[in-house]
Amino acid sequence: MSQNKVLNLPFQIRFIPGTTISPEENQNMIDFTPLARPFMRHVFLAERRAQEDYAASQQRLLSRLVKRAATTAWGEANGFGSIKGVTDFQHTPLTKYPDLRPFVQRMLRGERDILWPGLCRRFAQSSGTSDGKSKYLPITPDALNHGHYAGAAYSLASYLENYRDSHVFGGKNFILGGSFANEIKGLPGNVKVGDLSASLIDRINPLVNLVRIPAKDVALMEDWERKLPLLIEASAGADVRSISGVPSWFLTVLKGVLEKTGSKSIHDVWPNLEVFFHGGIAFGPYREQYDRITDRSRMRYWENYNASEGFFGVQHSPGSPAMELLMNTSTFYELVPESEWDAPAPQAIPCWEARCGETYELVITSSNGLWRYRIGDTIRVHSTAPFTFTIAGRTRHFINAFGEEVMVYNTDAALAAACRLAGAEASDYTAAPVYAGDRTRGRHQWIIEFSRPPRDLAEFTDILDTELQRQNSDYQAKRSGNLFLDPPEVIAAPPGLFNRWLASTGKLGGQRKVPRLSNDRGFIDPILAMREAIAQ
């Protein structure tokens, strides 16, 4: 290409394709942070304006989304042409993936104007639904630019706003991504299906490649056994300023870098590393392990709520457990109160009617063509001006087999405390109920993969039980006097068990997620069977 390419940014910078930076230049590269700050502040203020009166912002957004999609197959089937506001819109059905699957399949075959105007050539493959099939979530150009990239830009902007001493663009930013591996046969040649992160890296602004590692061909590799050594090689000699990814998988990469370099702290390898932009799973159970391999005086953590369905939240302020619900990323939010989760026809409320302290299931409508879509995540509202929240867990990922109503945020907190008190470190876990037998009461069964085993597993189990009772009064009541619920059982997993299980399900990768809790034994029994096979 002989002419310069103008990038699609809120500001215009010209970039000459083919520009590269040598290793020598990498060590002495220009710090782009001062140049980026004015533009990042523009992004920050745009979100702030949308937050000031988010009820009005959300209603204007919904009007635009409905108008754009009025002539699509979904819009025509649901009377979008006559919708005048939120009340009319809420007469259309709440949806889950099985409701949208026939429409998505048409989009995968190359049909246009189905759930969103135009053609969709990218899809994120996500965890399976109750019928065992994977989900393929549309990544439309509008959702990519005004949703995912806009959310990532705001995360950076918010971080820079809170940390004026940052030099995050003075070196490389290590972004961990997935691949386009998928289960579909006979896809049209111009359609790409895989991890969301693969599409994000594949379509990333070329300017970002100046300050990003690894190279695209490495970032998008499918075989993680080959990919991991290359990630370590690419990053070990770089001037890394930030890392971005899922905590569990990035920990594996960082430990590999330390092993390669013979270092004890990652700051010995990357002295200018300042922040970990993390999301996907709760960070609490991993915090101590990151503290052990970083210089805590220099390391910062900035949480994001980014999913295959969209980019929804960014940490509100340094040290805060709460995130802001983003109002400027083309997503309209509704909330299903906890009392309605299992109702035959649940009623949702718009986000501006939320009450502090309540837990809700999140429902989204967005420019990716997901209409009143129940993504299965639950949030606990901390404040409504601004709207801040923490992720409570999943509607599917909970244990309520005995009336205990244990959520993921309960078990995350209890496990973190038990590890601290028992001198242990956990890298992954899952838990499920064991139902009462003829001579036994019901109990919770945990499988925990320890990176540092506890001094005594029985002592650890007692502490975990006590801490979970601290976190959840319903569980405490059921455990009282061992009358209704026996003590939990903790099974130590051999190293790599969860990775093996994830690989067997086709879900091992940079965005891996071990299901934390289940109200049945659909997840835990196959993992136990694999553990038994390894032992033999």
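The values are calculated or read from the model by the stated rules, or taken from the named source; none is laboratory data. What you see is a predicted model; the values in this text were computed from it and never measured. So basically every Cβ, Gly included, is an ideal-geometry build from the backbone, and we count neighbours across all protein chains shown. Please note that ligands, DNA and RNA were not included when accessible areas were found on the heavy atoms of the full protein model with its side chains. Shrake-Rupley method; radii C 1.70, N 1.55, O 1.52, S 1.80 Å.
Quick notes on this one:
- Once all protein chains are placed together, ARG500 keeps about 140 Å² accessible to a 1.4 angstrom probe.
- Surface composition of region 163-215: carbon and sulfur make up 54 percent of the accessible area, probe 1.4 Å.
- Of the chymotrypsin sites (Phe, Trp or Tyr not before Pro) found in region 148-183, not one falls in a DSSP loop while having at most 12 other beta-carbon atoms within 10 Å.
- Mean sequence separation of contacting Cα pairs (under 8 Å, at least six apart), scaled by the length of region 228-286, corresponds to a relative contact order of 47 percent.
- Cα shape, region 207-274, gyration tensor, a/c 1.5 rule: oblate
- For PHE523, the accessible surface of its heavy atoms amounts to roughly 60 Å² (probe 1.4 Å, protein chains only, rounded to the nearest 10).
- Note on SER263: accessible area approximately 30 square angstrom, rounded to 10, probe 1.4 Å, nucleic acids and ligands left out.
- Neighbour net charge for PHE402 - beta-carbon separation under 15 angstrom, K R +1, D E -1: -2
- Entries in LYS96/LYS478; LYS172/LYS255; LYS172/LYS260; LYS192/LYS216; LYS172/LYS216; LYS264/LYS513 that, when Cα-Cα distance is taken, lie over 24 Å: LYS96/LYS478; LYS264/LYS513
- Computed extension length for ARG64-LYS260: 65.4 nm, one decimal, from 0.36 nm per residue of separation with the Cα-Cα distance subtracted.
- Cα shape, region 169-244, gyration tensor, a/c 1.5 rule: oblate
- Euclidean distance between Cα centres, region 377-405 to region 194-231, Å: 32 Å
- One chain, two ends: THR87 and ARG296. Fully extended at 0.36 nm per residue, the span grows by 70.3 nm beyond their Cα-Cα distance.
- Length gained on full extension, ASP99 to ASP217, computed as 0.36 nm times the residue gap minus the Cα-Cα distance: 38.9 nm.
- Free of any GluC sites (Glu not before Pro) that DSSP assigns to a loop and that have at most 16 other C-beta atoms within 10 Å, the longest stretch within the chain is 223-357.
- Tensor-based shape of region 140-287 (alpha-carbon gyration tensor, a/c under 1.5 rounded, otherwise prolate or oblate): oblate
- Between the C-alpha center of region 520-536 and that of region 293-334 there is a gap of 34 Å.
- Only Cα sites of the chain enter the Debye sum here, all with the same form factor; the resulting log10 I(q)/I(0) across q = 0.08, 0.09, 0.10 1/Å is -0.53, -0.68, -0.86, listed in q order.
- Accessible surface of region 300-348, 1.4 Å probe, proportion on carbon and sulfur as whole %: 45 percent
- Helical mean residue ellipticity (222 nm; -39500 (n - 2.57) per DSSP H run of 4+; nearest 500) of the chain: -10000 deg cm²/dmol
- Those residues of region 200-214 whose amide nitrogen sits under 13 Å from the label point placed on ILE30, 7 Å along Cα→Cβ: 210-211
- Considering only the Cα atoms of region 328-469, their convex hull presents on average a projected area of 11.4 nm².
- Accessible area per residue for the chain, computed on protein heavy atoms with a 1.4 Å probe, is 44 Å².
- Across the chain, Cα pairs under 8 Å and at least six residues apart give a relative contact order of 12 percent.
- Relative contact order [Cα under 8 Å, 6+ residues apart], region 136-204, whole percent: 31 percent
- Cα pair distances exceeding 13 angstrom across region 382-423, given as percent: 64 percent
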